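Visitor: Before anything else, here's the structure in question.
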Amino acid sequence: MSFPSSFDLTSLNGNNGFVINGVTSGDESGYSVSRAGDINNDGVDDLIIGAPQAPGNNGVGASYVVFGSNNKFPASINLSNLNGTNGFVINGVDSSKLGTSVSNAGDINNDGIADFIIGAPGGKSGAGYVVFGSNSGFPANINVTTLNGTNGFMINGIDYSKSGYAVSSAGDINNDSIDDLLIGAPYKGQSFVLFGSSNGFPANVSLSALDGSNGFKLTDVNSGYFSYSLSGTGDINGDKIDDFIIGNPTRGVGGVSYVVFGSNHTFPANIDLSALNGTNGFILNAALYNDGFGCAVSGAGDINKDGIADFIIGAYNAPGGNSIGESYIIFGTSNGFPATMSPSDLDGQNGFTIKGSETARQFGYAVSSLGDINEDGIDDVVIGSPNAGGSYKGASYIVFGSKSGFQANMTTSSLNGSNGYKIVGLEDTRSGAAVSDAGDINGDGKSDVIIGAPGDSPFAPVSVTMGISYVVFGGIPLSSPTPTASANPTSPLPTHTSSPEYNAAGLLTPNYVISSIYNVATEVGEILPFDSMSILNGLLNEINFESF
């Protein structure tokens with residue numbers, strides 16, 4: 001499948017993706033974006049979009065769930081039109097900045113339906129809100145004050161901590177077969193793991209009450225902005241238990257990230273991350289002063305196809321504070337990790353560096369795993385660069401996974417469609433400020449990507465400050481819409497050069513049908529594989545084979 005080296009978001013047309021428009025000027029929808037999982041249990045993945053300044057820049061905050069669908073999406077949709085059947089809105093409380101962060105939550109209550117979490121770091125302490133998935137439907141509007149333990153719950157933060165600034169699924173780090181959560185509190189230099197449970201949750205859970213049995217606290221002695229970013233990584237050390245990573249872009253010389261291994265053993269109530277020694281996790285230190293290393297972290301799927309999960313770290317200010325930006329892929333291994341690592345250690349065998357190509361463009365500001373967007377059977381990643389292209393257009397870069405190995409260094413300018421491609425935004429939107437795997441939102445079996453463009457540049461006109469999000473479908477050539485066949489064409493199909501072939505029953509032979517469709521598809525630029533006679537059963541009855 002051929003991808004262009006660059007693709008403009010203005011080209012989204014409903015066939016290759018679609019635009020999601022914010023509601024009110026100043027909302028900054030798209031400040032955070034994430035796959036939500038299949039929260040309405042209809043078999044198609046859903047999305048969540050954060051708008052922390054809603055409504056109209058007053059900081060209450062809102063988050064929007066957009067349901068996936070097997071039906072075709074239009075070229076654009078408006079979040080104001082969500083009505084409970086196509087999605088819904090979750091509204092915050094005064095000054096909460098609900099939607100600063102959003103994430104899928106796995107299935108934290110173990111009911112078989114995906115859940116999600118929203119961060120709200122405003123107010124005195126900040127909070128997180130978990131909303132349970134349901135197959136009973138959702139109203140058009142939910143206020144976080146109505147979460148009561150049966151439909152979700154509130155996670156009360158620590159005073160003056162900005163709890164909820166970052167939230168994420170952790171995977172299953174205690175190996176009890178139930179997903180767990182990560183909540184960051186960067187102003188206190190703390191992070192928290194909340195264990196999932198099949199025994200239910202109260203309406204309110206306090207982070208201060210975590211004691212090792214229901215979750216635990218992690219601390220960084222020299223805190224900086226510890227837990228500015230955090231994410232589950234999957235199983236990067238090959239022990240069959242999920243692991244996680246926490247970023248601190250201001251710690252040390254130029255930022256630090258901490259990887260903590262999951263375990264079958266009981267966790268203590270508090271973990272001091274300075275004690276990571278290679279057996280329980282490890283520390284990654286920035287290469288240069290003021291790199292902003294750890295501003296964004298994420299799992300990377302299995303990008304080198306070796307059977308072990310990998311992860312990615314963004315450094316938007318690298319190298320050394322000039323804001324070109326770099327991102328680092330670290331390969332998982334079952335051979336163990338040292339107690340400390342640095343990006344300068346990456347040599348292509350243990351990981352590699354992706355370097356931005358433009359000064360002051362902040363490549364690596366946002367990073368995410370993607371799933372397999374180009375359908376080669378290998379996971380890919382997406383990296384945001386919100387100041388790319390001049391005029392705060394922003395860009396997002398897809399880097400394809402490969403089982404053929406990687407060089408120690410690659411640059412964004414080397415992406416040529418075969419190893420990845422660039423997605424270009426619109427002026428003043430800062431596209432790529434948030435990026436995420438979108439799951440499979442259109443139900444075609446292919447991984448999709450969502451890009452947030454909150455419109456928060458210093459020169460943004462009012463018209464873009466409502467924020468915009470963009471969904472780009474995977475597996476479809478981006479340069480043109482997907483051709484579609486009609487059961488009753490309004491004009492004859494292209495003429496076949498050979499005479500029709502009929503069987504004894506007077507029907508067109510399968511070979512003739514296949515060759516005819518192949519020729520038609522080729523003429524419009526789409527090769528269609530027909531490898532099953534079952535496909536023909538419908539075709540012989542549904543397609544009008546006139547003018548062959």
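The values are calculated or read from the model by the stated rules, or taken from the named source; none is laboratory data. Small disclaimer: the values here were computed from a predicted structure and weren't measured. We place every Cβ from the backbone using ideal geometry, glycine too, and count neighbours over all the protein chains shown.
Visitor: Which residue pairs have Cβ atoms closer than 8 Å, lie 6 or more positions apart in sequence or on different chains, and pair a first residue in the range 23-43 that is assigned by TED's automatic domain parsing to the domain that holds residue 103 and in contact (Cβ under 8 Å) with a residue 24 or more places away in the chain with a second residue that is among the aromatic types (Phe, Trp, Tyr) and part of a loop (DSSP other than H, G, I, E, B)?
Guide: 40/67; 40/138; 42/67
Visitor: Name the strands (runs of 3 or more DSSP E) wholly inside the range 133-178 in which the number of residues that are in contact with a helix residue (DSSP H, G or I) (Cβ under 9 Å, 6 or more places away or on another chain) is 2 or more. Spell out how you get there, then give the answer.
Guide: On the way: elements: 141-143, 152-156, 167-171.
The strands (runs of 3 or more DSSP E) meeting that bar are 152-156.
Visitor: Quick check on my filter: what residues within the range 131-151 are under 22 Å from the mean Cα position of the chain (by Cα) and either of a type outside the set (A, V, I, L, M, F, W, C) or within 19 Å of residue 227 (Cα to Cα) (or both)? So that I can check it myself, show each step before the final result.
Guide: Just the residues of the range 131-151 that are under 22 Å from the mean Cα position of the chain (by Cα), to begin with: 131-134.
Those that are under 22 Å from the mean Cα position of the chain (by Cα) and either of a type outside the set (A, V, I, L, M, F, W, C) or within 19 Å of residue 227 (Cα to Cα) (or both): 133, 134.
Visitor: Based on this model, can you work out whether residue 113 counts as surrounded by 20 or more Cβ atoms within 10 Å (Cβ to Cβ) and over 16 Å from residue 228 (Cα atoms)? Can you show your working first?
Guide: Numbers: surrounded by 20 or more Cβ atoms within 10 Å (Cβ to Cβ): no; over 16 Å from residue 228 (Cα atoms): yes.
Answer is no for this residue.
Every residue, every condition in (1) modelled with pLDDT of 95 or more; (2) closer than 21 Å to residue 151 by Cα, yes or no:
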residue: 188; (1), (2): no, no
residue: 194; (1), (2): yes, yes
residue: 211; (1), (2): yes, no
residue: 218; (1), (2): yes, no
residue: 225; (1), (2): no, no
residue: 228; (1), (2): no, no
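So that you can scan it fast, the table gives a plain yes or no per residue for (1) under 21 Å from the mean Cα position of the chain (by Cα); (2) small (Gly, Ala, Ser); (3) farther than 27 Å from residue 384 by Cα:
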position: 41; (1), (2), (3): yes, no, yes
position: 58; (1), (2), (3): no, no, no
position: 74; (1), (2), (3): no, no, no
position: 90; (1), (2), (3): yes, no, no
position: 95; (1), (2), (3): no, yes, yes
position: 98; (1), (2), (3): yes, no, no
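Visitor: Please state which of the following conditions residue 282 fails to meet, knowing it meets all the rest: (1) modelled with pLDDT of 95 or more; (2) buried (at least 24 other Cβ atoms within 10 Å of the Cβ).
Guide: Failing condition for residue 282: (2).
Visitor: Mind telling me which of the residues 69, 29, 34, 63 ends up being part of a strand (DSSP E or B) and over 15 Å from the mean Cα position of the chain (by Cα)?
Guide: On inspection, the qualifying residue turns out to be 63.
Visitor: Among the candidates 394, 356, 384, single out the residue that is closer than 23 Å to residue 231 by Cβ, buried (at least 24 other Cβ atoms within 10 Å of the Cβ) and touching a Lys or Arg at 6+ places or on another chain (Cβ under 6 Å). Talk me through it step by step, then tell me what you get.
Guide: Values: 356 fails: touching a Lys or Arg at 6+ places or on another chain (Cβ under 6 Å); 384 fails: touching a Lys or Arg at 6+ places or on another chain (Cβ under 6 Å).
None of the other options fit; the residue is 394.
Visitor: To continue, here is another question. Looking at 70, 81, 86, can you tell me which residue is in the same structural domain as residue 441 (by TED's automatic domain parsing), surrounded by fewer than 18 Cβ atoms within 10 Å (Cβ to Cβ) and touching a residue at least 24 places away in the same chain (Cβ under 8 Å)?
Guide: On the way: 81 fails: touching a residue at least 24 places away in the same chain (Cβ under 8 Å); 86 fails: touching a residue at least 24 places away in the same chain (Cβ under 8 Å).
Result of the check over 70, 81, 86: 70.
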